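Shown next, in structure tokens, is the structure this report addresses.
The values are calculated or read from the model by the stated rules, or taken from the named source; none is laboratory data. None of the values given here were measured: they were computed from a predicted structure. Backbone-built Cβ (ideal geometry, glycine too); neighbour counts: all protein chains shown.
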Protein chains: 2
Amino acid sequence: MNEPNQIPNWLMKRAYLTPDRPAIIFRNERLTFRQLFERAKTFAEKLHYTGVQKGDRVGVLLNNQLDTVVLLHSLQLLGCQTVLLNIRLQDEELLFQLEDSEAMILISNESLLIEHRKLQDVWIDRLITLEQLRKRAQRSVPVVEQFSMDELCTIMYTSGTTGHPKGVLQTYGNHWWSAAGSLLNLGLHEQDVWLCAVPLFHISGFSILVRSVLYGIPIRLYEKFDEKQINRVLISGKATIISVVTAMVQRLLHELGDRSYHPNFRCMLIGGGKVPLPLLKTCKEKGIPVFQTYGMTETASQIATLSPEHSLTKLGSAGKPLFFSEIKIIKERKWANSNEFGEIYVKGPNVTKGYWKREDANRENFTEDGWLKTGDIGYMDEEGFLYIIDRRTDLIISGGENIYPAEIEQVILTHPAVKEVAVVGISDKQWGEVPVAFYVVKEGVHVEEKTLDDLCRTHLAKYKVPKRWIRKDELPKNASNKILRRLLKKGTDPA
Amino acid sequence: MNEPNQIPNWLMKRAYLTPDRPAIIFRNERLTFRQLFERAKTFAEKLHYTGVQKGDRVGVLLNNQLDTVVLLHSLQLLGCQTVLLNIRLQDEELLFQLEDSEAMILISNESLLIEHRKLQDVWIDRLITLEQLRKRAQRSVPVVEQFSMDELCTIMYTSGTTGHPKGVLQTYGNHWWSAAGSLLNLGLHEQDVWLCAVPLFHISGFSILVRSVLYGIPIRLYEKFDEKQINRVLISGKATIISVVTAMVQRLLHELGDRSYHPNFRCMLIGGGKVPLPLLKTCKEKGIPVFQTYGMTETASQIATLSPEHSLTKLGSAGKPLFFSEIKIIKERKWANSNEFGEIYVKGPNVTKGYWKREDANRENFTEDGWLKTGDIGYMDEEGFLYIIDRRTDLIISGGENIYPAEIEQVILTHPAVKEVAVVGISDKQWGEVPVAFYVVKEGVHVEEKTLDDLCRTHLAKYKVPKRWIRKDELPKNASNKILRRLLKKGTDPA
């Protein structure tokens, strides 16, 4: 006699429940939940005047700013599906995603479009800027009061290290269950403020937007990551939770120096790949409340997180799956034993239903009983703590032995002179593939190849030791700051 | 590709996620979540040995103690449906509920059964005591790893002021959504401890059991409500949340005297009926973090709660509906305006699907679009805050005017000599019904009828002033401590 498959429009309900609480803080502007709802409703009416209808798919190419949050909510009020576009992409990549997703309209702003002449040319008839939208007239439109759990809320394209990017389908249910699982892990304090300096077009940022309205806590939003500014906020206690990736932690710690954070700062969620152990140890020493996480666009934010009580004893682990999610390790089609490496499979109501119009990828990446094969390699210890080892696509197979680049990289990174390293497999007549190390040395420091080679020989089986050492000034990275191992491979002649 | 209609077995998942956190504290005993799970599993295997099967309906007649919590979880591990019986009931009432619910077996303990000879006689073949169970052998049995949201978890009978008691069906989904809605309202701190001195057989206590495993926080359980003991705990900071009813608050405050509670004590959830304004004011003065709530067995615990930020400005309100729930006021079949009295309708995934085998009551109490008619009278102010006025069944209709006893009682209670009062309607030739006041005076104090009559005349329209004043030494109450207005009516000759 009730509809458990629906949840209230989260912004609308939040604006009714706690209208006067702060919802968003950006530069010198602040909006309460009531104001955020009212502005989102105004935007919805302007969009409706422009011809946008319920069910339309709408591309959004925007940087982090107050009106981006307003717009994203307004699209939900209208019942549109939002295609979130990475502003670091090139025209052709954007055009692919807009066409592939069958977006009806593209919303962006003038300053971003300057760099996208081609996109402008192609989408001229279906393009609207925030600047134009603000000036539009309004047409009243009924807002969506209930979200169906199965309804598509957002599409985000995965960075696509191989082949064309795929549109990850994220339902309202995916976002809700992700927020619920995280809530049971992180708790919720009345004075919580979530600092968002990660892009709203990535799941890391978008999930903060969702949690803000569900939890009733403000987002402190930043357009760019500025370690000085963010340290100032965390030292003053004006934010209690922050989502970061490894590179940000390094910059924050460096800038922080001998100072320390406010006691109210209770959670630094680190996602987006492996975190070097030395970095985690430094955080521990400085009393920084680090929560290492594992997640991806397909899991609507983190699916595993290391609980505070284990942050010392399980250093380097991504923790256990969140309350509603499951993780298993599969090795040669069977469940792996404890401490045995294998592919990470994930399941849960936060996991995507699949990729947009990619039945091939869906068949390939999902099991019949609903597990998503992540392609990542990891293991679980006896107590069920997850450790991420590597991306499967980076696996090097040499003379029948599996080599996980991360294992080698971790060893090389223990040398104080090494700033960055990537180990990739290159083809070899004798062994099929052999590992080769590309490394970047810290400024003003010197290190001999022989020293690094010795280091590896001391800690690793012989077949894992890189066969060649190639020094670089920097490593090639994609828009999401992931190292492009593919490019490294290409740039090397077979040994 | 996932099953959003299932959630993990909450105890099992919790024991996996945070095995070493405390789960329950009772007298000198403590169990971690791992220990609680292991003991519940042992009990499940003993029950299985005894012949209890998945899907069986099991009656439980137990007071608050450690093994009651263990047993209730073991029944969930087995996939049984639990009929929770009120230990204050008489044999015939218990027999009715056991038969009506078609329970296969009854679990109780020796000390309780002493007072229930007749129950023992009738159920001798289907009765097992905790004492016997502990000594039983075990038979291994697969535990239920996933709960379906639609699956029946518990049945609780409503006190039934009119007609036979009705079994309220509570699904796993009802309990989960109740816990989720409350979580978004109350937040969750790592050091939270929920004090439970309310019966586990009522939704007030059972909901704490569910929240403990979902939230990962311990229950501090008490067999009886002892204000001295509980004040000691709240002063020391060993509990952060407590669920109480009005009468308990009065006793706590009286015993507390000039002392004050620990700053970690952050939430006193007051449910189970109206709370007198003077009591709320005293709490405010003493800095007690009061959350007034509205809820019932049918809503699997509170469905509305007054948020902390409004506790001062909206004194006396039960707050707003929780995140996933809705409340509306219906007057003469239409939505009431703000501040207009009417019947309270509720809806949401926490609301029962209906009464066990009572199609008549289901038809009568639910609308076609899934609203439950609570029978309670209230109003919502302009901002959507709910105020509970009365139970509809107590409505007095006099000369075509609606009279809400609570309104009159509230006035009478402002007199310092009055301890308790109940206003009921008795039949009257001229007006149909007239209000009559039954009142109890505080010990050692005296008050004239004339004084009370004048008080009412000063504050109330003439037709609302009680036509008779009947002084009593005490007012008749049922097992749930509700005043039995019916009995008061019966004891009075028509005026």
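Quick notes
- Here the condition is being charged (D, E, K, R) and touching a Gly at 6+ places or on another chain (Cβ under 6 Å); of B:LYS54, B:LYS46, it holds for B:LYS54 alone.
- When every residue of region A:45-61 is checked against the conditions, at least one turns out to be in a strand (DSSP E or B), farther than 21 Å from A:VAL213 by Cβ, touching a residue at least 12 places away in the same chain (Cβ under 8 Å) and in contact with an Asp or Glu (Cβ under 7 Å, 6 or more places away or on another chain).
- Checking B:VAL168 against (1) closer than 21 Å to A:PHE324 by Cα; (2) not in a loop (DSSP other than H, G, I, E, B), the condition it does not meet: (1)
- For the criterion of being more than 14 Å from chain A (Cβ to nearest Cβ) and at pLDDT 95 or above, B:LEU195 passes.
- A:ILE7, sole failed condition from (1) in a helix (DSSP H, G or I); (2) within 14 Å of chain B (Cβ to nearest Cβ); (3) β-branched (Val, Ile, Thr): (1)
This table checks each residue for (1) of a type in the set (Asp, Glu); (2) touching a helix residue (DSSP H, G or I) at 6+ places or on another chain (Cβ under 7 Å); (3) in a strand (DSSP E or B); (4) within 26 Å of A:TRP10 (Cβ to Cβ).
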| position | (1), (2), (3), (4) |
| --- | --- |
| A:LEU75 | no, no, no, yes |
| A:THR82 | no, yes, yes, yes |
| A:ASN86 | no, no, no, yes |
| A:LEU106 | no, yes, yes, yes |
| A:ILE128 | no, yes, yes, yes |
| A:LEU133 | no, yes, no, yes |
| A:VAL144 | no, yes, no, yes |
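- Residue tally, condition outside any loop (DSSP other than H, G, I, E, B) and out of contact with any Ser or Thr (no Cβ under 9 Å at 6 or more places or on another chain), over region B:175-201: 5
- Scanning region A:78-104 for residues that are among the β-branched types (Val, Ile, Thr) and surrounded by fewer than 22 Cβ atoms within 10 Å (Cβ to Cβ) yields a total of 1.
- Note on region B:142-152: residues that are more than 14 Å from every other protein chain (Cβ to nearest Cβ) and either buried (at least 22 other Cβ atoms within 10 Å of the Cβ) or of a type outside the set (A, V, I, L, M) (or both) amount to 1.
- For region A:258-275, the count of residues that are within 26 Å of A:GLY187 (Cβ to Cβ), surrounded by 15 or more Cβ atoms within 10 Å (Cβ to Cβ), over 20 Å from the mean Cα position of the chain (by Cα) and in contact (Cβ under 8 Å) with a residue 60 or more places away in the chain is at least one.
- Of all residues making up region B:330-347, the number that are over 15 Å from B:GLY295 (Cα atoms) and not polar (S, T, N, Q): 10
- Only one of the numbered conditions (1) touching a residue at least 60 places away in the same chain (Cβ under 8 Å); (2) outside any strand (DSSP E or B) is not met by A:ALA15, and that is (1).
- Residue under evaluation A:GLY79, criteria (1) closer than 23 Å to A:TRP356 by Cα; (2) among the small types (Gly, Ala, Ser); (3) within 14 Å of chain B (Cβ to nearest Cβ), criterion not met: (3)
- Cβ-Cβ contacts under 6 Å between residues 6 or more apart (or on different chains), taken from a first residue in region B:68-81 that is closer than 13 Å to B:LEU130 by Cα to a second residue that is of a type in the set (Phe, Trp, Tyr), are listed as B:VAL70/B:PHE43; B:LEU71/B:PHE43; B:SER74/B:PHE43.
- A:THR313 satisfies every condition listed in (1) within 25 Å of A:ASP100 (Cβ to Cβ); (2) assigned to a loop (DSSP other than H, G, I, E, B) except (1).
- Condition check for A:PHE37: part of a helix (DSSP H, G or I), within 14 Å of chain B (Cβ to nearest Cβ) and either among the aromatic types (Phe, Trp, Tyr) or in contact with an Asp or Glu (Cβ under 6 Å, 6 or more places away or on another chain) (or both): yes
- Scanning region A:278-285 finds no residues that are touching a residue at least 12 places away in the same chain (Cβ under 8 Å), touching a strand residue (DSSP E or B) at 6+ places or on another chain (Cβ under 8 Å) and under 30 Å from A:GLY167 (Cα atoms).
- In the condition set (1) under 26 Å from the mean Cα position of the chain (by Cα); (2) assigned to a strand (DSSP E or B); (3) surrounded by fewer than 23 Cβ atoms within 10 Å (Cβ to Cβ), A:ASP67 is compliant with all but (2).
- Condition met for A:SER338 (within 30 Å of A:LEU200 (Cβ to Cβ), touching a strand residue (DSSP E or B) at 6+ places or on another chain (Cβ under 8 Å) and not basic (Lys, Arg)): no
- Every residue from region B:471-491 that is loosely packed, with under 15 Cβ neighbours inside 10 Å and farther than 30 Å from B:MET156 by Cβ: B:ARG471, B:ASP473
- Residues within region A:154-175 that are within 11 Å of another protein chain (Cβ to nearest Cβ), touching a Phe, Trp or Tyr at 6+ places or on another chain (Cβ under 8 Å) and not hydroxyl-bearing (Ser, Thr, Tyr), tallied: 1
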